[in-house]
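Worksheet for the structure shown next.
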């Protein structure tokens, strides 16, 4: 198969156009070049921009390719990712977005550092960082396989070039470049994939009657635990993401942040329909009647490429090229979100709050830019070394679900939550999650939970269990240490995390100040009050 020259030219033009637009819009909008401008676009997002960029941050390469993959292979019943993540984002928009926007935070890690202190708050950067990197890897992996199939070019080259484009305009323009390119990319995704649908389902090599009922899928009894785990993982794991909180915190008001997040989730959910239909069309395709030369029936790994395969072997070439442009747009819209999110958290919460509290604006800007490059490079490397796109798409929510979700709920709504509870919950969650193993990262299980299957792995909803245990541990340890330290049963000299020492010292200072004030202005006695009344009456 020769290189698809027209397609290659079209993609090259698209990449150059997006790169140029991203840099130009960043230079136009960024007036001062300050860190706050790059982080949050001066909190200037209105309804339209906020809704569209929020939706685009969700609709990435892993989203569209993964949706087509799983609905074509396993059916609608197992297409939990796009539904679950968007429900989670909507719930976060309703309950959390207005709360954090009203507090004028810079990142979603700010409430942790405010409540627990900079060092303990920074520990939770670990799960945020790996979540972003895994998501980004899923995105680049999706694009790499798509370009290699449709254009017949080297997958490594396609991933590296795509990563460079996303990193470069984010490097220069920050959130302004990301948000406004998101709007263009979202439009291209909608047009490209919607346009491909009628050509795919009406192709002579596609017999939709073959999938009349099978496209719905089914959940067997032995998979109930895994199914429950995946549902909760997607819904709750979609809540703590910095990528969309960055949009929330950039909105003009808390109410606008709430509305735009819910609307953005609805838009993203609707945009899962076209790739879902293309995935079903792939399941209904007679691949022997196409120019496809791979193994048949399709292996588990080959289903990862079902969307680009439908575009290449089922649709006309012109539609195929437009479709690949849509997938490329999806990649850029989420890749830039990931690298900016992790870069912002590192620059603001790690570098500034811990290492360089007095860092200048210029210094923070360059720390952000270096972090953007590093995160982009890591995502590209993982994309070239790990398997299924949908696996990465789900995996990226694991740490956010098991570790970050209970932490976020506790820091925002549990008044007595403290560093001891947070650290204990973090350690327990990480241990229980990784003790269950992870086939996508080649980690064998240390603990074989009930219903473990040698072929399919953990059948017990151990991730949900780990999240619940972490939640209980955070609350339990926080409450216990709060009571023991404040009652004096544990001396303050053992408060190694400084949770209560500063609080007690502050109370002591306030008590002393109040006492001094009372001595200078003592409360009037009953006799004094009576004398004052007589004097007033006399006067």
key: Any hit, the range 201-224, residues being surrounded by 21 or more Cβ atoms within 10 Å (Cβ to Cβ), within 24 Å of the chain's Cα centre (by Cα) and touching a residue at least 40 places away in the same chain (Cβ under 8 Å)   = no
query = Any chance the range 152-162 includes a residue that's closer than 26 Å to residue 23 by Cα and out of contact with any helix residue (DSSP H, G or I) (no Cβ under 8 Å at 6 or more places or on another chain)?
reply = yes
query = In the set 400, 430, which member is closer than 18 Å to residue 116 by Cβ, at pLDDT below 95 and part of a helix (DSSP H, G or I)?
reply = 430
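Residues of the range 10-27 being touching a helix residue (DSSP H, G or I) at 6+ places or on another chain (Cβ under 8 Å), surrounded by fewer than 22 Cβ atoms within 10 Å (Cβ to Cβ) and closer than 17 Å to residue 171 by Cα, which ones? Spell out the reasoning first.
Within the range 10-27, the subset touching a helix residue (DSSP H, G or I) at 6+ places or on another chain (Cβ under 8 Å) is 10-11, 14-15, 18-19, 21-23, 25-27.
Add one more test, that the residue is surrounded by fewer than 22 Cβ atoms within 10 Å (Cβ to Cβ), and what stays is 10, 14-15, 19, 21, 23, 25, 27.
Selection gives 15, 19, 21, 23, 25, 27.
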task = Exactly one condition in (1) touching a helix residue (DSSP H, G or I) at 6+ places or on another chain (Cβ under 8 Å); (2) in a helix (DSSP H, G or I) is not met by residue 362; state its number.
result = (1)
request  = Using the structure shown, decide if residue 347 is at pLDDT 90 or above and either assigned to a helix (DSSP H, G or I) or under 17 Å from residue 168 (Cβ atoms) (or both).
outcome  = yes
note = Picking from 260, 342, 334, the residue that is modelled with pLDDT of 95 or more and closer than 30 Å to residue 99 by Cβ would be 260
query = Hey, does the range 300-315 have a residue that's at pLDDT 90 or above, surrounded by fewer than 24 Cβ atoms within 10 Å (Cβ to Cβ) and over 18 Å from residue 110 (Cα atoms)?
reply = yes
request  = Could you please find all residues in the range 95-121 being over 17 Å from the mean Cα position of the chain (by Cα), touching a residue at least 24 places away in the same chain (Cβ under 8 Å), surrounded by fewer than 24 Cβ atoms within 10 Å (Cβ to Cβ) and part of a helix (DSSP H, G or I)?
outcome  = 98, 99, 101, 102, 111, 113, 115, 118, 119, 120
remark   = Checking 239, 165 in turn, the sole residue that is under 27 Å from residue 267 (Cα atoms), assigned to a loop (DSSP other than H, G, I, E, B) and touching a residue at least 24 places away in the same chain (Cβ under 8 Å) turns out to be 239
request  = Run down 59, 3 and say which single residue is surrounded by 24 or more Cβ atoms within 10 Å (Cβ to Cβ) and modelled with pLDDT under 90.
outcome  = 59
ask   = Is it the case that some residue within the range 353-363 is at pLDDT below 90 and under 30 Å from residue 279 (Cβ atoms)?
value = no
key: Criterion (free of Cβ contacts under 8 Å to residues at least 40 places away in the same chain and over 21 Å from the mean Cα position of the chain (by Cα)) met by exactly one of 297, 274, 316, 308   = 297
task = Please report, ordered by residue number, the helices (runs of 4 or more DSSP H) entirely within the range 35-89 with at least 3 residues that are touching a strand residue (DSSP E or B) at 6+ places or on another chain (Cβ under 8 Å).
result = none
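One line per residue, one yes/no per condition, for (1) in contact with a helix residue (DSSP H, G or I) (Cβ under 6 Å, 6 or more places away or on another chain); (2) in a loop (DSSP other than H, G, I, E, B); (3) modelled with pLDDT of 90 or more:
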{"position": "450", "(1), (2), (3)": "no, yes, yes"}
{"position": "470", "(1), (2), (3)": "yes, no, yes"}
{"position": "475", "(1), (2), (3)": "no, no, yes"}
{"position": "480", "(1), (2), (3)": "no, no, yes"}
{"position": "508", "(1), (2), (3)": "no, no, no"}
{"position": "512", "(1), (2), (3)": "no, no, no"}
{"position": "519", "(1), (2), (3)": "no, no, no"}
{"position": "522", "(1), (2), (3)": "no, yes, no"}
{"position": "533", "(1), (2), (3)": "no, no, no"}
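The values are calculated or read from the model by the stated rules, or taken from the named source; none is laboratory data. Bear in mind that the values here come from a model prediction, so they are computed numbers and not experimental data. Neighbour counts are summed over all protein chains in view; Cβ atoms, including those assigned to glycine, are modelled from backbone coordinates with ideal geometry.
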